[in-house]
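The values are calculated or read from the model by the stated rules, or taken from the named source; none is laboratory data. Treat the numbers as computed from the prediction; the structure is a model and nothing was measured. Cβ placement follows ideal geometry from the backbone for every residue including glycine, while neighbour counts extend to all protein chains displayed. Note: areas computed on protein heavy atoms with side chains; ligands, DNA, RNA excluded. Shrake-Rupley method; radii C 1.70, N 1.55, O 1.52, S 1.80 Å.
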Amino acid sequence: MAFLGSQRALITGRFGFTGTHLAKFLELRGWEVFGLDRTEDSNADNTPTIDINDTGSVVQRLTEVRPTHIVHLAAHSHVVGDPLAFYRVNLLGTESLMEAIASSGIKLAKVLIASSATVYGNADHSPITEDEPLRPMNHYALSKASMEQMLFKWQARLPIVITRPFNYTGPGQSEAFVMPKIVHAFHRRDPVIRLGNLDVARDLSDIRFVCEAYLRLLQAQSTGQTFNICSGSSIHLLRVLELLREISGHDPRIEVDPAFVRKDEIKELCGSPRRLFDAVGEIPLISHRDILDHMYRALSGDATLATPTQS
């Protein structure tokens, strides 16, 4: 049982990429961490299998755990897929969680909710600040933008903070995402790597940077605000390939596969972390090379990383 005054975090999407890293990150810093997940293997960590749209079951979980903080990561996150699934999980699932929190009567210090930088679409300015108009270009982004709008009605009742993470990666991320797909291909020494749009650039952070940002936001006084989670610098996909050639000593042929080319692709996403840093202090950035090198070596069981350097 928890001692009086302990910090107890309930993470939805506990067994996803971010949830797995964040749980370990918080536990190492003395937090008690509990989960809420729909995956069938979730009971391996004393986390019941719960559909976030089942409000009654979520209420029961909240009253059992009585968290002091909630981190809402559960989402349908692949950009392509059944359009309705995005709204059932990302919009209606978040509404279900808010209803459950209100019904449970628990007192929370913070409810941190992950949105996405894709809500900005092709922005007019770079780096993108939180004041940039939202121009979502696909159903994933639309569902996240709709979720943010829905949360306005809860801001006065709950200590909500919304985050808009830009691209981030690290060991354990699914190959359904482009960065781990490329790193795995180089590690396997695939002779050919098939990708979609090559003329794209993304603000890329390390998962450890994201975990540190989330921890600081959980501990900060600010509520009712939205924060970019980003590094402030973008990297072109061709540069990613160049770095991995240097790291691996492997030089595969790169082919553009029309099946992976998106019509609604955002050419560049680069965010400003200024509001985040003003609220929680400067967070050390990890260079793009070190991010990729860390992931590459983790596949061989060596994930040690030297002192982070600036990108």
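Listing for the model above:
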quantity: Among ALA114, ALA85, ALA259, residue whose mean-square fluctuation peaks in a GNM of the chain (springs only between Cα atoms under 10 Å); calculated: ALA259
quantity: Among LYS110, LYS181, LYS153: highest mean-square fluctuation, GNM of the chain, C-alpha pairs under 10 Å; calculated: LYS153
quantity: Rounded to 5, percent antiparallel among DSSP beta bridges of the chain; calculated: 10 percent
quantity: Contact order relative to length of the range 101-235, as percent, for alpha carbon pairs under 8 angstrom and 6 or more apart; calculated: 32 percent
quantity: Extension gain, ALA176 back to ARG194 (0.36 nm per residue minus Cα-Cα distance, nm); calculated: 5.2 nm
quantity: Acute angle (nearest 10 degrees) that the helix 288-298 long axis makes with the longest principal axis of the chain, alpha-carbon atoms; calculated: 80 degrees
quantity: Within the range 167-182: backbone nitrogen closer than 20 Å to the LEU238 label point (7 Å, Cα to C-beta); calculated: 178-179, 182
quantity: Relative contact order for the chain, counting Cα pairs under 8 Å that sit 6 or more residues apart, in percent; calculated: 16 percent
quantity: Cα lying deepest toward the dipole's positive end in the chain, options ALA156, GLY93, HIS139, charges on Cβ; calculated: ALA156
quantity: Per residue solvent-accessible surface (Å²) - the chain, probe of 1.4 Å; calculated: 45 Å²
quantity: Selected from VAL280, VAL256, VAL111 as most flexible by GNM, with the chain as the system and alpha-carbon contacts under 10 Å; calculated: VAL256
quantity: Degrees, to the nearest 10: 237-248 long Cα axis against longest axis of the chain; calculated: 80 degrees
quantity: Dipole magnitude (debye, nearest 20) for the chain, charges at Cβ of Lys, Arg, Asp, Glu; calculated: 400 debye
quantity: Helix 207-219 vs. the chain, principal-axis angle (Cα, 0 to 90°, nearest 10); calculated: 20 degrees
quantity: Efficiency of FRET from Cβ geometry, SER222 and HIS125, R₀ 30 Å, rounded to 0.05; calculated: 0.80
quantity: Antiparallel bridge percentage (DSSP; both residues within the range 190-311; nearest 5); calculated: 35 percent
